[in-house]
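What follows is calculated from the coordinates using simple rules that are stated; it is not laboratory data. Bear in mind the structure is a predicted one, so any value in this text is a computation, not a measurement. Cβ sites come from the backbone with ideal geometry, for glycine too, and all protein chains shown count toward neighbours.
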Amino acid sequence: MSVVEVTRGNSPLVLGLPHTGTYVPESVLDCLNANGRALADTDWHIHRLYDGLVDATTVRTTTHRYVIDANRDPGGGSLYPGQNTTALCPTTDFDGRPIYREHQAPDADEIEARRIAHHAPYHAALTAELDRAQAQFGFAVLYDCHSIRSRIPFLFDGRLPDLSIGTNGGATCHAEVEALVCAACDGAYGLTSVLNGRFRGGWTTRHYGCPQDGVHAIQMEIAQSTYLAEEAPPWPWDSAKADRLRVILRPLLQSLCDWRPS
């Protein structure tokens, strides 16, 4: 099966979807324990949440993050040194529990094989679409789409804000791009938001975000409580919640489609 799905739009905006896939090759599935096979750390339904909101390009990997995490440094470097996080090829879930059967975790050769088969194609496609947008419009905006359970004690204290914006301290995009997203989130009735809190932007945002070269990147981490009926299996979609959130996301994304560098 294809590990990358690309839908082209006609705007400078490119949506990255690195964590919505649930595909796990049989060779990997055989090594996972029952906890790993539950695939609990999926960004459940995020591609559905953003579908059709604006005329943007989308790049999505169908591979699950337990196979390899497309939003991690392919060299294995940590995004948040000194803090609990998961690796390029995770061996634990977000609660710190093992996801592999005993002695079945991938070795260095297996990790490299997965990088070539799953991580590299996603980023090749993402690079190609950003290059295409930049060639057409003179710049590109990458909006990296994520979601996560609102409470995960292993990763962070307390409850996450509903909308977590990441720009690595403003380094990954023009200040106007950051301001547009923050303004939309600040005006979102009933929702909380934060800029560069626990999540400052993953490897994708930090790697591609180079405003001086015309590529502006920003990450949005959405608490799953804002669009799911329950943050637990079977991760049920809540149409009423999701529709309210889509009303907020549509003008946010449209403002990024319409933005032009000054």
Compute the angle between helix 239-258 and the longest alpha-carbon principal axis of the chain, please, reported from 0 to 90 degrees and rounded to the nearest 10. 60 degrees
From DSSP H assignment alone, runs of 4+ in the chain each adding -39500 (n - 2.57), the sum over residues rounded to the nearest 500 puts [θ] at 222 nm at -8500 deg cm²/dmol
Extending each Cα 7 Å along its Cβ direction at Arg8 and Asp51, get the distance between those two points in nm, one decimal. 2.2 nm
Cα pair distances of segment 109-236 binned at 10 Å [whole percent]: 12, 35, 33, 18, 2
Work out, in µm²/s and without decimals, the Stokes-Einstein translational diffusion coefficient of segment 162-245 at 10 °C, 1.306 mPa s, Rh from Kirkwood over C-alpha pairs. 116 µm²/s
If r is the Cβ-Cβ distance from Ala183 to Ala87 and R0 is 30 Å, what FRET efficiency results, to the nearest 0.05? 0.30
Provide the FRET efficiency to the nearest 0.05 for the Glu110-Asp157 pair, computing r from the beta carbons and using R0 = 25 Å. 0.15
Computed on Cα atoms, Rg of segment 4-256 relative to 2.2 N^0.38 Å comes out at 0.96
Cα-centred dipole magnitude for segment 4-256, charges only on beta-carbon of K, R (+1) and D, E (-1), debye, nearest 20: 360 debye
Over segment 1-110, what is the relative contact order in percent, taking alpha-carbon pairs closer than 8 angstrom and at least six residues apart? 35 percent
When only C-alpha pairs under 8 Å and at least 6 residues apart count, what is the relative contact order of the chain, in percent? 22 percent
Would you list Val4, Val67 from fewest to most Cβ contacts within 10 Å? Val4, Val67
